[in-house]
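Here the structure comes first, spelled out in structure tokens, and everything after it is commentary.
The values are calculated or read from the model by the stated rules, or taken from the named source; none is laboratory data. Quick caveat: nothing in here was measured; it's all calculated off a predicted structure. Reconstructed Cβ throughout: ideal geometry from the backbone, glycine too, with neighbour counts over all protein chains shown.
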Number of protein chains: 2
Amino acid sequence: MERNLEGLLFPGSVAVIGASGTPGKVGHALFANVVASFAGPVYAVNPKYTELLGRPCVASVEKLPEPVDLAVVVIPAEHVAGVLKSCGERGIRNVVVVSAGFKEAGEEGAKRERELVEIAQRYGLNVLGPNVLGLISTRVGLNATFAPRGALPGEIAFMSQSGAFCTSVLDWAWHEGLGFSHFLSLGNKAVLTEVDFLSAFARDPQTRVIVAYLEGVSDGEAFIRTAREVTKEKPVVVLKAGRAEAGARAVSSHTGTMAGADQAYEAAFRKAGIIRAQNVEELFDYAYALAKQPLPKGRRVGIVTNAGGAGVMAADAVEWEGLEVARFTEDTARRLADRMPKAANIYNPVDILGDAHADRYKEAVRLVAGDPNVDMVVALSAPVAILTFAELAEILAWARQKFEKPFVCSFMAGKLGEEAEELLRKAGIPSFFDPARAVRTLRVLCDYLEIQRRPREEPRPLAVDRARVEEIVRRAIAEDRPRLGLEAMEVLSAYGIPTARGGLARTPEEAAQLAQHLGEKVVLKVVSSEISHKSDVGGVLVGVESERVEEAAAMMLRQIRRKFSDARLEGIFVQELLPPGREVIVGMVRDPTFGPLVMFGLGGIHVEVLRDVAFAVAPLSPGEAEDLVHRIRGFPILKGVRGEPGVDVPRLVEVVERLGRLAADFKEIVELDINPLLCYPDKVVAVDLRLTVTGEEGT
Amino acid sequence: MERNLEGLLFPGSVAVIGASGTPGKVGHALFANVVASFAGPVYAVNPKYTELLGRPCVASVEKLPEPVDLAVVVIPAEHVAGVLKSCGERGIRNVVVVSAGFKEAGEEGAKRERELVEIAQRYGLNVLGPNVLGLISTRVGLNATFAPRGALPGEIAFMSQSGAFCTSVLDWAWHEGLGFSHFLSLGNKAVLTEVDFLSAFARDPQTRVIVAYLEGVSDGEAFIRTAREVTKEKPVVVLKAGRAEAGARAVSSHTGTMAGADQAYEAAFRKAGIIRAQNVEELFDYAYALAKQPLPKGRRVGIVTNAGGAGVMAADAVEWEGLEVARFTEDTARRLADRMPKAANIYNPVDILGDAHADRYKEAVRLVAGDPNVDMVVALSAPVAILTFAELAEILAWARQKFEKPFVCSFMAGKLGEEAEELLRKAGIPSFFDPARAVRTLRVLCDYLEIQRRPREEPRPLAVDRARVEEIVRRAIAEDRPRLGLEAMEVLSAYGIPTARGGLARTPEEAAQLAQHLGEKVVLKVVSSEISHKSDVGGVLVGVESERVEEAAAMMLRQIRRKFSDARLEGIFVQELLPPGREVIVGMVRDPTFGPLVMFGLGGIHVEVLRDVAFAVAPLSPGEAEDLVHRIRGFPILKGVRGEPGVDVPRLVEVVERLGRLAADFKEIVELDINPLLCYPDKVVAVDLRLTVTGEEGT
């Protein structure tokens, strides 16, 4: 259900409830900003005045001459509920609650926030906040924040979970000349969250890129679902802070040990097509490039420089970022040879030498940018006496227009001069002292290109016996057995995941009988939910010959009974002995924010020592399952190396997909490890399994 | 041999040969800069004038009234040799050759450069260049460059292999207020190289940090030897450009395949204690922090903020950089609780809230910086109405003085104002908009702390039979057999590296005899320098029972003769069959710049797929050999995982050390792979070896 936020983001009329005439008060700063910025009707609500800053002031919401599109509330927390009700009654749909004193301020505040949410639901209010700096919408010219600076108009929609960071960004962006379509502080996200604004910004034609500073996500599932759609059309860049956040959950599986909160965010962002910025510098470098540059057709970079060193640095950065130094066509090479001086380097990076005048620079840019083998262009210059940065900026602005390819530049000097900066800004050409930083913004264009091209496949329907698993899980919960025993293998079978053949024997005689159908040698495992680390206590025997099974099983049971006299033994699991194969681990853990997180890795040291594992949020489309398997460093091992045959990767991918389905279908399953899943050239088989369920309302 | 560069770096008198009165000419710009900057005697040499810019001008070097400390040459390349001779004759010891037209300009230029070097050697001249921008020495106030800007005084000594980059840095640093002790362009490095300046800058008390932009190193061995000493006392930060440089050598070994030029630089920098910057931003961020900040005692960071989001970002960055968020003492925690408002967060990061006045901020900084568990401090602020950045800067300047700990700050705003910037600059406190960038500079202080503490151990003497290896190598070269056969095992033995037992049999009968002493089963390998990939052609048999050796050997020889009728067969190598052990690879390749580069890795997929290998420049001290072995990701596997016993790491380390010795002793060995070296809990054994020698003058 998408909310209609038109009235919030593009209001025609605004009331500030708690507007004040006292300088230094938030209610004054905010009202003054609204009055100064907004052309539509503005009202103040405050019983103390009849007029404020030249606008009508009324005593209460009820007395407003019209049900305004947007009300901004700047009053003490204890009065907010009453005012919200009045807004609801009055037919005001959109409210920004600037006031603090809610969830962030202890138990009393949390109670107030619950009340606020109830009222919002009752009246269908779009509430931003509480505890926000406010919002800015440059298209309608509204600055409804109490920040000392407004925003310039632009194509970036920005939302932030930190109000102070909003103030910082406004101040900084003003000096940088960086503009915004929308700019807002999310506050406590009591009603409206990042998901609502993702949708709304996606629909806004003025917005070319959506940027967010988030410390957490309110509804992981909705976030992924929405962002996945949005990122088809518009890039979304997120700085997720709180990386160090301690994972509070208790874990007993391998998967659980490897999966921190940050892995979950990483996987969720991947699924959603979100570009992650690691720091503030990346956040705005990426945002600006994505807002202003066209997308390239490929990864090939052409470099033009009048300083050799700068060219080398740019080429280094191209390699570092995983882009390609373009190879020019013969045609371009010939023309460069014709038109550049003899001492110039006409191969990429093209070094046209320090004595190049504007004409030579322009010609080089024209030839390089016009080459069909060049997808993007980096232009570099040291300070030289015979060429001004303004001339260079003009050349780039012209070329950017002409060639419809991404252009970035690094004019390596202290100041480029007002004129050059103005020209570059107008042309939307990112410019940095460091060539590496310029090249990095090209890489992010390629990242988004890849995200946009990626198919948004849905998980496909799979033939599974859901009812059977429901029954097993329900029984385990009813009997308070969180750790499933033998039935866990049945759970896999019900979801179409091949398991090693075997069965449960109650007695040594039954074990011998079972063994007859399982080949010459078998594996015996004691079954008891009360004994863990079975192999350490003699509860596992591998490679027992069929005719010796009865004897071995009896001995095993005697030994175990001696050690664990009170433990309930359910019997012995008799399993076929499989030939050696490639061991992998496929696991799942439930993340508090994003739900089922599937892990894949090669077994043994690859997980434990090398930590070579990858994560994805379930359910998985076939493509996502394939991507997960391919993403580990050791993937080539599965394809076969050193003359060893490869394993059946398609079947392995299908197991991953099916496990994702299982994880998504059953919230009750909190952890699951198939370890090992044995992989062969023609099949894969689950050999051992750890599966934990919970009856509690899952996350 | 260290050169005395006092006269070059701190001249008392200067002559500019080729000084010109024509604005726009390099000889004019340079002379004008010298005149404007330098207080000592300055002479022009140019037959056209008797006076220039108010200074005496003479017709030739011979006519100079004194043998100046420093001559700067700005004349056409073809006349440089003559002038250099005159300088030599006149007793002028230090010459900067600005003129271009040497090695960088084709064969004619290269000839000129050789001539220049000869003259410099003949007269013992310190020549900087040719093809340079010039040099600046702020202590004597000399700007002998033709750049439009000079340098501010400071503690950073800078050298650059790109003249244009010098111009860029000068312009940029001027605007940033960044100062230098020395600033110079290295040009073609015909005589003086980065090594000479490393030594000279190390001796200069004004210089606190040495910074270099290098595209290559002239003498790798001298570079490492010198830098290793220098970095004990002063940090050296290098931006090595040309990462993408294609490795030109042909390789046939595993080691050769893995070792590119960049790996060699990485290993050399590690050995030398050099801090590598990946880009220009890092180069100067690191340089400034190292020049201005004291070194911390440890890695624990205290964070003070008046904006929650900024604190979270800083804590994230601390984790990202591998530093620690400090845990305060109880004492500090109690005092913070006493003195900060209730809603403040008194745990690290300390959030003193947006309403904090200067007093509260100062008190928080005092308590955090004074905590013995805090090694470094990050101070953060959003723009707030009640606290100016100048006030904040003053607090930090005071604290920086009082606590002798590193301080960095991120005042997240567009402009801090002149006063705040001036205060921070004076206090030497790095300040960035992005908290992550501020924290990164703290990490580099820790990097240098670790470099400084690292013992500068020399390789120890090892008992080796050098004469024996000399003989083997000499014979192989004489007989033009670059790929050593069986003698390669002898080479290892001579250097104390344990090898599998075995011997060469000329006939199947001899093979059978040999096998009797080698256990129940043996390995047979055909020996022929003309057959590679022996196992692919049936030239290797593993696990042959002793009594079947004669028969198997005969059959093998017949088969091989059938396939390679012309190949010279030297016989059959009969080797003991070793039990399975942990396979590792120890290899060596000769880098054109740094010489013997030793590689270590786990065998098989760890090298081929996971590329989990590490490099070090030989010879190796015991500590360096240990570091090399420990540096691979998979090291814990060698210590034993999943119940498997670990291997004999000390013996493995010793093999690495001995191989390093061998590589360093014999330039004739160009490539070497021990693959595998089998490792057991109580021993290590070299099983197979590939060793290539060359008679050509090695690199």
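Only one of these conditions is not met by A:Val95: (1) farther than 30 Å from B:Asp351 by Cα; (2) in a strand (DSSP E or B); (3) within 37 Å of the chain's Cα centre (by Cα). Which number is it?
(1)
Can you find even one residue in the range A:202-210 that is outside any helix (DSSP H, G or I), acidic (Asp, Glu) and in the same structural domain as A:Gly101 (by TED's automatic domain parsing)? Explain how you work it out, then say what you get.
From the range A:202-210, those outside any helix (DSSP H, G or I) are A:204-210; that's our starting set.
So of that shortlist, the ones also acidic (Asp, Glu) come out as A:204.
Subset that is in the same structural domain as A:Gly101 (by TED's automatic domain parsing): A:204.
Yes, that holds for at least one residue.
Of everything in the range A:485-508 that's under 33 Å from the mean Cα position of the chain (by Cα) and part of a loop (DSSP other than H, G, I, E, B), which residue is surrounded by the most Cβ atoms within 10 Å (Cβ to Cβ)?
Only one residue fits best here, namely A:Ile497.
Any residue that is over 24 Å from the mean Cα position of the chain (by Cα), surrounded by fewer than 19 Cβ atoms within 10 Å (Cβ to Cβ) and touching a residue at least 24 places away in the same chain (Cβ under 8 Å) - is there at least one of those in the range B:663-679?
There is no residue in the range B:663-679 that is over 24 Å from the mean Cα position of the chain (by Cα), surrounded by fewer than 19 Cβ atoms within 10 Å (Cβ to Cβ) and touching a residue at least 24 places away in the same chain (Cβ under 8 Å).
Residues checked against (1) surrounded by 21 or more Cβ atoms within 10 Å (Cβ to Cβ); (2) in contact with a Leu (Cβ under 9 Å, 6 or more places away or on another chain):
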| site | (1), (2) |
| --- | --- |
| B:Lys111 | no, no |
| B:Leu116 | yes, yes |
| B:Leu133 | yes, yes |
| B:Val140 | no, yes |
| B:Thr145 | yes, yes |
| B:Pro148 | no, yes |
| B:Pro153 | no, no |
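Check the range B:143-151 and report whether any residue there is more than 14 Å from chain A (Cβ to nearest Cβ) and at positive phi.
We begin by selecting, within the range B:143-151, every residue more than 14 Å from chain A (Cβ to nearest Cβ); these are B:143-144.
Retained after the next criterion (residues that are at positive phi): none.
Taking every residue of the range B:143-151 in turn, none turns out to be more than 14 Å from chain A (Cβ to nearest Cβ) and at positive phi.
Identify all residues within the range B:390-405 that are touching an Asp or Glu at 6+ places or on another chain (Cβ under 8 Å) and either outside the structural domain of B:Gly417 (by TED's automatic domain parsing) or surrounded by 19 or more Cβ atoms within 10 Å (Cβ to Cβ) (or both); write none if there are none.
Keep residues of the range B:390-405 that are touching an Asp or Glu at 6+ places or on another chain (Cβ under 8 Å), which gives B:390, B:393, B:405.
Across the range B:390-405, the qualifying residues are B:Ala393, B:Lys405.
Can you name every residue in the range A:538-554 that is surrounded by 15 or more Cβ atoms within 10 Å (Cβ to Cβ) and more than 30 Å from A:Gly646 (Cβ to Cβ)? If you could, list the steps in order and put the result at the bottom.
In the first step, residues of the range A:538-554 are kept if they are surrounded by 15 or more Cβ atoms within 10 Å (Cβ to Cβ); the result is A:539-541, A:544, A:546, A:548-550, A:552-554.
Hits for the range A:538-554 are A:Gly539, A:Leu541, A:Val544, A:Ser546, A:Arg548, A:Val549, A:Glu550, A:Ala552, A:Ala553, A:Ala554.
Are any residues in the range A:294-315 surrounded by fewer than 24 Cβ atoms within 10 Å (Cβ to Cβ) and under 21 Å from A:Phe433 (Cβ atoms), and if so, which ones? Break it down into steps so the answer makes sense when it comes.
Residues of the range A:294-315 surrounded by fewer than 24 Cβ atoms within 10 Å (Cβ to Cβ): A:294-300, A:308.
A:Gly308 - this is the single residue of the range A:294-315 that is surrounded by fewer than 24 Cβ atoms within 10 Å (Cβ to Cβ) and under 21 Å from A:Phe433 (Cβ atoms).
Suppose we filter the range A:611-643 for residues that are more than 14 Å from chain B (Cβ to nearest Cβ), buried (at least 20 other Cβ atoms within 10 Å of the Cβ) and not in a helix (DSSP H, G or I); how many remain?
Qualifying residue count, the range A:611-643: 7.
For the range A:364-410, name all the residues that are polar (S, T, N, Q) and within 15 Å of A:Val301 (Cβ to Cβ).
Quick first cut of the range A:364-410, residues polar (S, T, N, Q) only: A:373, A:381, A:388, A:401, A:410.
Of everything in the range A:364-410, those that are polar (S, T, N, Q) and within 15 Å of A:Val301 (Cβ to Cβ) turn out to be A:Asn373, A:Ser410.
Checking B:Ser565 against (1) under 23 Å from B:Arg690 (Cα atoms); (2) surrounded by fewer than 17 Cβ atoms within 10 Å (Cβ to Cβ); (3) outside the structural domain of B:Val670 (by TED's automatic domain parsing), which test does it fail?
Single failed check for B:Ser565: (1).
Is it the case that the range A:158-170 has a residue that's more than 10 Å from chain B (Cβ to nearest Cβ) and part of a strand (DSSP E or B)?
yes
Based on this model, can you work out whether A:Phe180 counts as within 19 Å of A:Ala147 (Cβ to Cβ) and either surrounded by 18 or more Cβ atoms within 10 Å (Cβ to Cβ) or polar (S, T, N, Q) (or both)?
So A:Phe180 passes the test.
Can you tell me which of (1) without any contact (Cβ under 8 Å) to a residue 12 or more places away in the chain; (2) on the phi > 0 side of the Ramachandran plot is the one B:Gly538 doesn't meet?
(1)
Which residues, taken from the range B:558-606, are more than 27 Å from B:Val527 (Cα to Cα) and in a loop (DSSP other than H, G, I, E, B)?
Within the range B:558-606, B:Pro592, B:Thr593, B:Phe594 meet the criteria.
So which helices (runs of 4 or more DSSP H) stay within the range A:375-478 end to end and still have 3 or more residues that are more than 20 Å from A:Asp359 (Cβ to Cβ) and within 14 Å of another protein chain (Cβ to nearest Cβ)?
Working: elements: A:389-403, A:418-427, A:435-453, A:466-478.
Qualifying helices (runs of 4 or more DSSP H): A:435-453.
Just give me the residues in the range A:302-317 being in contact with a Pro (Cβ under 9 Å, 6 or more places away or on another chain) and of a type in the set (A, V, I, L, M, F, W, C), in sequence order. Before you say what the answer is, go through the steps one by one.
The initial filter retains those residues of the range A:302-317 that are in contact with a Pro (Cβ under 9 Å, 6 or more places away or on another chain), namely A:302-305, A:308, A:310-317.
Scanning the range A:302-317 gives A:Ile303, A:Val304, A:Ala310, A:Val312, A:Met313, A:Ala314, A:Ala315, A:Ala317.
Being within 14 Å of chain B (Cβ to nearest Cβ) and surrounded by 16 or more Cβ atoms within 10 Å (Cβ to Cβ): is that true of A:His533 here? Steps first, please.
Details: within 14 Å of chain B (Cβ to nearest Cβ): yes; surrounded by 16 or more Cβ atoms within 10 Å (Cβ to Cβ): no.
No.
Tell me, please, whether a residue that is within 14 Å of chain A (Cβ to nearest Cβ), touching a residue at least 12 places away in the same chain (Cβ under 8 Å), surrounded by fewer than 20 Cβ atoms within 10 Å (Cβ to Cβ) and out of contact with any strand residue (DSSP E or B) (no Cβ under 6 Å at 6 or more places or on another chain) can be found in the range B:330-338. Steps first, answer last, please.
Within the range B:330-338, the first condition is being within 14 Å of chain A (Cβ to nearest Cβ), and the residues that meet it are none.
Taking every residue of the range B:330-338 in turn, none turns out to be within 14 Å of chain A (Cβ to nearest Cβ), touching a residue at least 12 places away in the same chain (Cβ under 8 Å), surrounded by fewer than 20 Cβ atoms within 10 Å (Cβ to Cβ) and out of contact with any strand residue (DSSP E or B) (no Cβ under 6 Å at 6 or more places or on another chain).
I'm checking my understanding of the structure. Among residues of the range B:173-198 that are out of contact with any Leu (no Cβ under 8 Å at 6 or more places or on another chain) and over 22 Å from B:Gly101 (Cα atoms), which one is nearest to the other protein chains (Cβ to nearest Cβ)? Quick ask: steps written out before the conclusion?
Let us first name the residues in the range B:173-198 that are out of contact with any Leu (no Cβ under 8 Å at 6 or more places or on another chain), namely B:175-176, B:181, B:188-189, B:195, B:198.
From the residues that got through so far, the ones that are over 22 Å from B:Gly101 (Cα atoms) too are B:175-176, B:181, B:195, B:198.
Values: B:His175: 3, B:Glu176: 7, B:Ser181: 20, B:Val195: 20, B:Leu198: 20 Å.
Looking at the filtered set, the residue picked out is B:His175.
Looking at (1) β-branched (Val, Ile, Thr); (2) under 17 Å from B:Asp69 (Cα atoms); (3) touching a helix residue (DSSP H, G or I) at 6+ places or on another chain (Cβ under 6 Å), find the lone condition where B:Val58 falls short.
With respect to (1) β-branched (Val, Ile, Thr); (2) under 17 Å from B:Asp69 (Cα atoms); (3) touching a helix residue (DSSP H, G or I) at 6+ places or on another chain (Cβ under 6 Å), B:Val58 is out only on (3).
Say we look at the range B:649-662 and pick out the residues that are under 21 Å from B:Gly581 (Cβ atoms) and crowded, with 19+ Cβ neighbours inside 10 Å; which of these is farthest from the other protein chains (Cβ to nearest Cβ)?
Filtering the range B:649-662 down to residues under 21 Å from B:Gly581 (Cβ atoms) leaves B:649-659.
Checking which are crowded, with 19+ Cβ neighbours inside 10 Å leaves us with B:652-659.
Working: B:Leu652: 17, B:Val653: 19, B:Glu654: 24, B:Val655: 22, B:Val656: 20, B:Glu657: 25, B:Arg658: 27, B:Leu659: 24 Å.
Ranking the candidates gives B:Arg658 first.
Right, B:Lys48: farther than 13 Å from B:Gly129 by Cα, in a loop (DSSP other than H, G, I, E, B) and in the same structural domain as B:Gly124 (by TED's automatic domain parsing) or not? Break it down into steps so the answer makes sense when it comes.
Details: farther than 13 Å from B:Gly129 by Cα: yes; in a loop (DSSP other than H, G, I, E, B): yes; in the same structural domain as B:Gly124 (by TED's automatic domain parsing): yes.
Considered against the rule, which asks whether it is farther than 13 Å from B:Gly129 by Cα, in a loop (DSSP other than H, G, I, E, B) and in the same structural domain as B:Gly124 (by TED's automatic domain parsing), B:Lys48 comes out as yes.
Only one of A:Gly646, A:Gly695, A:Gly601, A:Gly581 is over 24 Å from the mean Cα position of the chain (by Cα) and within 14 Å of chain B (Cβ to nearest Cβ); which?
A:Gly646
What are the pairs, 6+ residues apart or on separate chains, where a residue within the range A:186-205 that is under 15 Å from A:Gly163 (Cβ atoms) has its Cβ under 8 Å from a residue that is of a type in the set (Gly, Ala, Ser) and part of a helix (DSSP H, G or I)?
A:Gly187/A:Gly163; A:Ala190/A:Ala120
Within the range B:19-44, can you find the residues that are of a type in the set (S, T, N, Q) and in contact with a His (Cβ under 7 Å, 6 or more places away or on another chain)?
Filtering the range B:19-44 for residues of a type in the set (S, T, N, Q) gives B:20, B:22, B:33, B:37.
If the condition is that a residue be of a type in the set (S, T, N, Q) and in contact with a His (Cβ under 7 Å, 6 or more places away or on another chain), then B:Ser20, B:Thr22 are the ones that fit.
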